[in-house]
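A.B. asks: Sharing a structure here in C-alpha cells format.
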Ligand code: AR6
C-alpha cells in the first residue's frame with residue numbers, strides 16, 4: 001500500500017476531479033498499488049513495461065535504458081516481433097534484467113487519451129495472458145513523446161483502477177515507476193483521488 005503524508009486536498013485541481021469522483025475506498029485495490037522512484041531496470045518483478053516505439057528496435061529514454069540493461073538478446077527477440085502498433089503491447093523475455101518479462105507498449109505522440117489508455121489496458125491484458133502478477137509501468141509518452149504529465153496521470157489512474165477491479169484475482173502489485181519530480185508530485189496528489197484511503 002502506498003504511503004501518503006502531505007496530500008494537498010485543498011488543491012483546486014484535485015478538488016475539481018473529486019467533484020465528479022465515483023471512486024470509493026477499496027483497501028484490496030489500494031494494497032496492490034505501489035510507487036517506486038528510480039530506474040525501472042532495477043526492479044525484480046514479473047514484468048516491467050517499456051515505453052517503446054513502433055519499430056521495437058530501441059531508442060532513448062526508458063527504452064534505451066531497458067535495452068542497455070537487458071542486452072543484445074532483447075534486440076534480437078524484438079526484431080522478430082514485426083514492430084508494435086501505437087496503443088498495443090508485445091511481450092519479450094527480460095534477459096539480463098531482474099524482471100522476468102518486458103511488456104513493450106507504444107504510447108501516442110502528444111495528448112491522445114484513448115491511445116494512452118489503450119497502452120495500459122493492452123499491457124495488463126498481456127500480463128494476464130502470461131500469468132504475470134506484478135507489473136511496473138514507467139510514465140508512458142510523457143518524455144520524448146510529449147504527453148502533458150498531469151493529463152497523463154488522469155488517464156493512467158482510472159484505467160488501472162478499472163483493470164484491477166475487473167481482474168481482482170489476477171494481480172498482486174502494480175507499480176508506478178516514477179523518474180521525475182514532476183511525476184512524483186502528481187502521483188502523490190492524484191493517487192488519493194482515484195485510490196482513496198478513507
Ligand atoms: N526508469 C524509469 N523511468 C525512466 C527511465 C528509467 N530508467 N528513463 C527515463 N524514464 P520516454 P516516451 C522516464 O521518453 O515519452 C524512446 O526513444 C522518463 O523520465 O522514455 O513514451 C522510444 O524509443 C519519462 O518520465 O518515453 C520512443 O521513440 C518516462 O520514462 C520514445 O522514446 C517516459 O519517457 C518514447 O517516448
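A.B. asks: May I ask you to compute the full-extension gain from residue 73 to residue 37, defined as 0.36 nm times their residue separation minus their alpha-carbon distance, rounded to one decimal in nm?
C.D. replies: My answer for the length gained is 10.2 nm.
A.B. asks: Would you mind calculating the relative contact order of the chain from Cα pairs under 8 angstrom and at least 6 residues apart, reporting the percent as a whole number?
C.D. replies: With pairs under 8 Å counted, the relative contact order is 29 percent.
A.B. asks: Over region 33-113, consider all pairs of different Cα atoms and compute the Kirkwood hydrodynamic radius from their mean reciprocal separation; express it in Å, one decimal.
C.D. replies: The Cα-based Kirkwood calculation yields 12.8 Å.
A.B. asks: For the residue pair residue 44 and residue 27, what label-to-label distance in nm results when each label sits 7 Å from Cα along the Cα-to-beta-carbon direction?
C.D. replies: It works out to 3.0 nm between the two label points.
A.B. asks: Okay, moving on. How far is it, in nm, from the label point at residue 151 to the one at residue 168 when both lie 7 Å from their Cα along the line to the Cβ?
C.D. replies: Output for this residue pair reads 3.5 nm.
A.B. asks: Using a Förster distance of 35 Å, how high is the FRET efficiency between residue 128 and residue 181, based on the Cβ-Cβ distance and rounded to 0.05?
C.D. replies: My answer for the efficiency is 0.60.
A.B. asks: For the chain, what does the helix formula give at 222 nm: sum of -39500 (n - 2.57) over DSSP H segments with n ≥ 4, over the residue count, nearest 500 deg cm²/dmol?
C.D. replies: Estimated from H runs of four or more residues: -12000 deg cm²/dmol.
A.B. asks: While we're here: Rounded, prolate or oblate: which fits region 72-182 when a ≥ b ≥ c are the square roots of the eigenvalues of the alpha-carbon gyration tensor, with rounded for a/c under 1.5 and prolate only if a/b beats b/c?
C.D. replies: Because a/c hits 1.5 or more and a/b fails to exceed b/c, region 72-182 counts as oblate.
A.B. asks: In whole angstrom, how far apart do the alpha carbon centroids of region 25-42 and region 163-198 sit?
C.D. replies: If we compute the Cα centre of each part, the gap is 6 Å.
A.B. asks: Assuming R0 = 22 Å, what is the FRET efficiency of residue 57 and residue 100, from their Cβ-Cβ distance, to the nearest 0.05?
C.D. replies: 0.50
A.B. asks: Sticking with this one: Can you give the FRET efficiency to the nearest 0.05 for residue 144 and residue 198, using r as the Cβ-Cβ distance and R₀ = 45 Å?
C.D. replies: 0.75
A.B. asks: Ok, one more. What's the Cα-based Rg to Rh of the chain, Rh via Kirkwood?
C.D. replies: Rounded to two decimals, Rg over Rh is 0.95.
Read-outs throughout are calculated quantities, based only on the coordinates presented, and are distinct from any laboratory measurement. Everything numeric in this text was worked out from a predicted model, so none of it was measured. Glycine gets a Cβ as well: all are built from the backbone with ideal geometry, and neighbour counts include every protein chain shown.
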